[in-house]
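Q: Structure provided below as structure tokens; questions to follow.
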Amino acid sequence: MEKTPHIPFREEVLLTSSAAGVYVICPTPFESDGRLDMASTDRMVEAYLEAGATGLTILGIMGEAPKLTADESQAFVRQVMKAVAGRVPVIVGVSAAGFAAMSALSAKAMDAGAAGVMIAPPSTLKTDDQIVTYYADAVEAIGADVPFVLQDYPLTTNVVMTPKVIMRIIEQSPSCVMLKHEDWPGLDKITTLRRASDKGEVRRVSILCGNGGLFLPFEMERGADGAMTGYAYPEMLVGVVNLINQGKRKEAHDLFDRHLPLVRYETQPGVGLAVRKYVLKKRGIIAHDTLRKPGPKLSPETISEIDWLMQRIERSE
């Protein structure tokens with residue numbers, strides 16, 4: 001299969017294995033009628049950068065990417081890149097059922113100025129060899145010059161990648177520069193990978209962690225380089241990462257613990273994105289908390305609980 005052609009992109013803006021900090025996972029803002037909300041997109045980008053984000057990730061699992069048309073995905077990428085204006089790297093999720101769609105979106109994203117792309121494995125992969133082969137084929141589809149993030153999220157994809165499989169992918173594909181770690185439990189996986197790279201058994205790549213930040217302080221202490229997730233108070237994620245890096249463990253855990261009840265509430269399967277969008281709307285970051293159908297609607301009781309959790313966070317701060 002021919003890779004979709006794209007214009008050359010500047011090497012200095014590409015994602016590398018030294019990436020660190022907080023890459024905030026962006027939801028896709030919609031108008032109340034379900035159209036893309038570009039004004040809220042601009043406001044969201046500014047809010048995340050003001051919170052201290054070192055990068056942004058769009059069209060991920062929490063970005064409702066499967067609910068967008070190809071034209072909408074490309075339009076959203078262009079809008080985010082315009083709003084970012086080169087201030088931080090942007091990673092674009094390009095996971096797709098087939099390599100043709102993955103190749104096309106990857107090319108458009110890189111042409112628009114993205115720093116790299118993120119690829120999650122399809123649920124059809126059952127063996128280690130199938131997983132490794134899939135990523136070799138994905139690299140062929142997007143081009144070996146495109147840096148990519150390996151997304152390890154078995155709770156959603158149902159694909160279990162052992163540390164050995166991850167190391168095989170890293171070694172076979174020099175363009176794999178980051179692991180998005182979302183296994184659960186997964187702290188020992190971080191330790192295993194970091195020990196292997198420290199011993200020279202595998203090339204060191206960046207590890208950024210997801211799962212709504214639910215285990216972030218411990219993930220940082222196990223050797224992660226930061227977070228790639230979308231909690232509705234990204235300034236907490238930035239604060240925890242910075243405090244751990246400064247050796248201020250107690251302060252980092254105190255900050256995290258203040259937000260933990262809402263982090264936990266946001267992490268509920270199925271309803272988590274609806275909760276996050278509601279909080280972002282209440283904070284004035286997006287205009288509407290619309291999810292494209294199919295998607296859950298928050299009950300009055302749930303909204304009351306979220307309001308209570310927000311009041312506790314903002315009062316304590």
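The values are calculated or read from the model by the stated rules, or taken from the named source; none is laboratory data. This one's a predicted model, so the numbers in the text were calculated from it and none came from an experiment. Because the Cβ atoms are built from the backbone with ideal geometry, glycine has one as well, and the counts that use them run over all protein chains shown. Accessible surface is based on the protein model in full, side chains and every heavy atom, while ligands, DNA and RNA are left aside. Shrake-Rupley method; radii C 1.70, N 1.55, O 1.52, S 1.80 Å.
Q: Hey, can you tell me all the residues within segment 189-236 that are within 14 Å of Leu260 (Cβ to Cβ), out of contact with any Leu (no Cβ under 7 Å at 6 or more places or on another chain) and surrounded by fewer than 24 Cβ atoms within 10 Å (Cβ to Cβ)?
A: Asn211, Leu214, Pro217, Tyr233
Okay, residues lined up against (1) of a type in the set (S, T, N, Q); (2) in contact with a Phe, Trp or Tyr (Cβ under 9 Å, 6 or more places away or on another chain):
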{"residue": "Ser123", "(1), (2)": "yes, no"}
{"residue": "Leu150", "(1), (2)": "no, yes"}
{"residue": "Thr157", "(1), (2)": "yes, no"}
{"residue": "Met167", "(1), (2)": "no, no"}
{"residue": "Trp184", "(1), (2)": "no, yes"}
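Q: Go through segment 64-81 and give me each residue that's within 15 Å of Ala114 (Cα to Cα) and free of Cβ contacts under 8 Å to residues at least 40 places away in the same chain.
A: Within segment 64-81, Ser73, Gln74, Ala75, Val77, Arg78, Met81 qualify.
Q: Here is a follow-up. Any idea how many residues of segment 39-77 are open to solvent by 40 Å² or more (accessible area, probe 1.4 Å), touching a strand residue (DSSP E or B) at 6+ places or on another chain (Cβ under 8 Å) and within 25 Å of Leu150 (Cβ to Cβ)?
A: Here the count works out to 3.
Q: Tell me the strands (runs of 3 or more DSSP E) entirely within segment 12-109 that contain at least 1 residues that are in contact with a Cys (Cβ under 7 Å, 6 or more places away or on another chain) and not polar (S, T, N, Q).
A: Those strands (runs of 3 or more DSSP E) span 55-58.
Q: Another question, then. Kindly indicate the residue of segment 275-317 that is among the acidic types (Asp, Glu) and either assigned to a helix (DSSP H, G or I) or touching a helix residue (DSSP H, G or I) at 6+ places or on another chain (Cβ under 6 Å) (or both) and also modelled with the lowest pLDDT among those meeting that condition.
A: Only one residue tops the list, namely Glu314.
Q: Okay, next question. What number goes with the only condition from (1) within 20 Å of Ala53 (Cβ to Cβ); (2) touching a Pro at 6+ places or on another chain (Cβ under 9 Å); (3) aliphatic (A, V, I, L, M); (4) in contact (Cβ under 8 Å) with a residue 60 or more places away in the chain that Ala287 does not pass?
A: Status for Ala287: all satisfied but (1).
Q: Condition first: in contact (Cβ under 8 Å) with a residue 60 or more places away in the chain, within 17 Å of Gln79 (Cβ to Cβ) and polar (S, T, N, Q). Now tell me which residues in segment 11-40 satisfy that.
A: Ser40
Q: Of the residues that make up segment 226-237, is at least one under 17 Å from Gly60 (Cα atoms), assigned to a helix (DSSP H, G or I) and in contact with a strand residue (DSSP E or B) (Cβ under 9 Å, 6 or more places away or on another chain)?
A: Yes: one or more hits.
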